[in-house]
Amino acid sequence: MSAELEASEGLDEPERRISGPPEEENHTSMADLSELLKEGTKESHDRAENTQFVKDFLKGNIRKELFKLATTALYFTYSALEEEIDRNKDHPAFAPLYFPMELHRKKALIRDMEYLYGEHWEEQAQCSEATRKYVERIHEVGQNEPELLVAHAYTRYMGDLSGGQVLKKVAQRALKLPSTGEGTQFYLFENVDNAQQFKQLYRARMNALDLNLETKEKIVEEANKAFEFNMQVFNELDQAGSLLAKETLEDGLPDGLPVHDGKGDLRKCPYYAAQLDKGALEGSSCPFGAALAVLRRPGLQFLLAASVALAAGLLAWYSM
């Protein structure tokens with residue numbers, strides 16, 4: 001979504017008024033929760049936008065196994081979020097934002113899990129460490145500070161209606177998933193006819209919440225914490241990737257793979273074979289062994305899955 005559209009979309013009714021003193025108008029505008037969130041999370045947007053993992057995902061550099069694990073991470077995140085939303089559906093600080101028919105994703109994610117994993121998907125569903133921390137924070141907020149639940153709901157759902165649609169198309173194309181929606185039900189909002197209009201309604205409901213400025217600022221702070229959870233996942237991934245590279249060098253490559261082990265025929269390695277005629281072998285190293293080793297380690301797979309899942313939320317913010 002273009003910056004111009006994002007700017008026009010963010011205009012709320014007080015900003016469009018032509019009467020009244022300009023100073024008062026500006027004060028009213030900046031007191032709107034949606035505007036405070038937009039302005040107060042700009043730095044987090046910038047940090048997330050420059051994450052290499054997000055850029056790669058948008059280019060379609062995503063494997064089927066990682067997409068399956070990403071769906072698992074989403075399942076745990078939304079199970080927690082919607083449990084707390086249901087718990088606080090009558091709380092005055094959240095009740096106006098309760099749209100279970102239009103927004104709730106857990107049932108859609110269950111259908112995706114069944115398609116991607118099969119009938120016994122629950123036996124394979126495991127929550128990664130980074131996702132667990134985010135889930136714990138959602139429960140903590142829902143049980144102790146329900147007004148801060150607004151930050152998590154807004155971050156996720158508005159993002160799903162925005163950048164999530166881009167991710168759906170990328171996944172379908174890159175993974176050759178059915179255009180009818182199997183495996184990507186998470187991104188399909190059957191009860192939202194017009195996403196743009198619904199987001200405007202949601203922002204208007206948010207701005208109408210009876211919250212003082214201090215509470216609104218806490219909500220902005222909580223939204224930035226949500227971004228920090230995302231960045232922790234990427235830091236975790238970087239650390240795991242560095243450790244894996246070291247282990248690969250120490251332990252060697254998995255048996256039976258068609259890659260060069262440094263002792264035999266170079267033609268056994270697809271990377272070297274492709275470079276033989278280019279005179280580009282000196283000082284280079286084969287990427288296939290390390291890549292395959294990464295994909296075959298379950299622990300790291302769950303770290304990567306959480307990254308993909310949270311990347312959807314990150315992309316969503318700067319697509320709104």
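Please treat every number below as a calculation from the coordinates, not as lab data. Just so you know, these numbers come straight off a predicted model, no measurement behind them. As a convention, Cβ positions derive from the backbone with ideal geometry for all residues, glycine included, and neighbour counts pool all protein chains shown.
Cβ neighbours within 10 Å, averaged per peptide: list 90-99, 172-181 in order, most packed at the top.
90-99, 172-181
What residue among LEU149, SER44, LEU188 has its Cα farthest toward the positive end of the dipole of region 33-247, where the charges are +1 on Lys, Arg and -1 on Asp, Glu, each on the Cβ?
Working it through, the farthest residue towards the positive pole turns out to be LEU188.
Tell me, what ³J(HN,Hα) does each residue in region 216-230 have, in order and in whole Hz, if you take phi through Karplus 6.51 cos²θ - 1.76 cosθ + 1.60 with θ = phi - 60° and put x for Gly and Pro?
Running phi through 6.51 cos²θ - 1.76 cosθ + 1.60 with θ = phi - 60° gives 4, 5, 5, 5, 4, 4, 5, 4, 5, 5, 4, 4, 5, 4, 4 Hz.
With just the Cα atoms of region 64-153, tell me how far they stretch along each of the three principal axes, in Å, largest first.
Result for region 64-153: principal-axis Cα extents of 41, 28, 18 Å.
Eigenvalues of the Cα gyration tensor times 5, then square-rooted: what semi-axes does that give for region 117-188, in whole angstrom, largest first?
Numbers: eigenvalues 152, 69, 18 Å².
So the equivalent ellipsoid measures 28, 19, 10 Å along its semi-axes.
Roughly what percent of Cα-Cα pairs across region 33-247 reach past 26 Å? Before the final figure, lay out the partial values.
Numbers: 8458 of 23005 pairs.
Across region 33-247, Cα pairs with separations above 26 Å total 37 percent.
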